[in-house]
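Participant: Below is a structure I'd like to ask you about.
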Amino acid sequence: MTDHEKQQPTLRRGKVLDALVRAERATVTRSAPKSAKAQVKFLLTRVKGSTKTLAERLGVSRRTVERYRAGQLTTPQKKLQQALVEETSSEWQPQVRAKARERAATSGGMVVDVCAYFGFTASGSSDDGRERFITTAISPHYAAQILQLQEAGATEEELHPVVAEAITESYFTEWGTRAAGLRADFTHVQSIDFRF
């Protein structure tokens, strides 16, 4: 079995968690390294030069990491390329991403674009649930809750009620000015994107 075949599988997140990661990564101000050699060199700086630690994170041998660092290998196989891109993106410009998260949680909020099935419960009559395409701003209060849950390792199912509550407040009840008592749940998320 080669080093490339020993790699760990890429973890799959849910759609909401993926959207949060994409939104955070969109805040970077410079492009991340593109070549395998540059990615390996960058990642080695993040692990304080430990080829062993980086090899474990990428699911390859130390020798493979050393070869990419030296430029002896230049074209990684698909799994290693995906791991390099994922690890580089997750480590790139952490201070810029942290400032964007703080701004979203304290003053700016977030914008959400979502296509999902929304069902309702209310004290009076309401529309039947259906698939909707919604773009709306989320208040900093809800942005902070969502980002805190993400940071704490919340699952997709734990994030859904908070995101649904945020959308209900901003889109359906217009910050409490109409449809008092309305509660919306969303399921069957087709697509979702956040912007800080």
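Participant: Being of a type in the set (D, E), open to solvent by less than 70 Å² (accessible area, probe 1.4 Å) and within 15 Å of V16 (Cα to Cα), is that true of even one residue in the stretch 148-168?
Facilitator: Checked the stretch 148-168: at least one residue is of a type in the set (D, E), open to solvent by less than 70 Å² (accessible area, probe 1.4 Å) and within 15 Å of V16 (Cα to Cα).
Participant: Now for a different question. Of everything in the stretch 165-181, what is within 17 Å of E131 (Cα to Cα) and either within 18 Å of the chain's Cα centre (by Cα) or not polar (S, T, N, Q) (or both)? Give them in sequence order.
Facilitator: Listed by number, the residues that qualify are E165, I167, Y171, F172.
Participant: So which residues in the stretch 38-61 are in contact (Cβ under 8 Å) with a residue 12 or more places away in the chain, open to solvent by less than 80 Å² (accessible area, probe 1.4 Å), touching a Lys or Arg at 6+ places or on another chain (Cβ under 7 Å) and assigned to a helix (DSSP H, G or I), if there are any at all?
Facilitator: Listed by number, the residues that qualify are V40, L44, T51.
Participant: Continuing with the same structure: Kindly evaluate A122 against the criterion of being within 21 Å of E24 (Cβ to Cβ), surrounded by 14 or more Cβ atoms within 10 Å (Cβ to Cβ) and either at pLDDT 95 or above or among the aliphatic types (A, V, I, L, M) (or both).
Facilitator: When the stated conditions are applied, A122 does not pass them.
Participant: Still on this model: So which of T74, T45, T64 is more than 18 Å from A32 (Cβ to Cβ) and over 17 Å from the mean Cα position of the chain (by Cα)?
Facilitator: The match here is T64.
Participant: Specify the residue that is surrounded by the fewest Cβ atoms within 10 Å (Cβ to Cβ); the eligible residues are those in the stretch 171-196 that are without any contact (Cβ under 8 Å) to a residue 40 or more places away in the chain and in contact with a helix residue (DSSP H, G or I) (Cβ under 8 Å, 6 or more places away or on another chain).
Facilitator: Per the stated criteria, the residue is G176.
Participant: Is it true that R12 is modelled with pLDDT of 95 or more and more than 15 Å from E87 (Cβ to Cβ)?
Facilitator: no
Participant: Quick check on K15: is it under 30 Å from V163 (Cβ atoms) and open to solvent by 70 Å² or more (accessible area, probe 1.4 Å)?
Facilitator: Values: under 30 Å from V163 (Cβ atoms): yes; open to solvent by 70 Å² or more (accessible area, probe 1.4 Å): yes.
Yes.
Participant: I've got another one for you. Could we say that L73 is crowded, with 17+ Cβ neighbours inside 10 Å and at pLDDT 95 or above here?
Facilitator: No, not satisfied.
The values are calculated or read from the model by the stated rules, or taken from the named source; none is laboratory data. All values derive from a computational prediction rather than experimental measurement. Cβ: placed from backbone, ideal geometry, glycine included. Neighbour counts: every protein chain shown. Heads up: the accessible areas ignore ligands, DNA and RNA and are worked out on the full protein's heavy atoms, side chains in. Shrake-Rupley method; radii C 1.70, N 1.55, O 1.52, S 1.80 Å.
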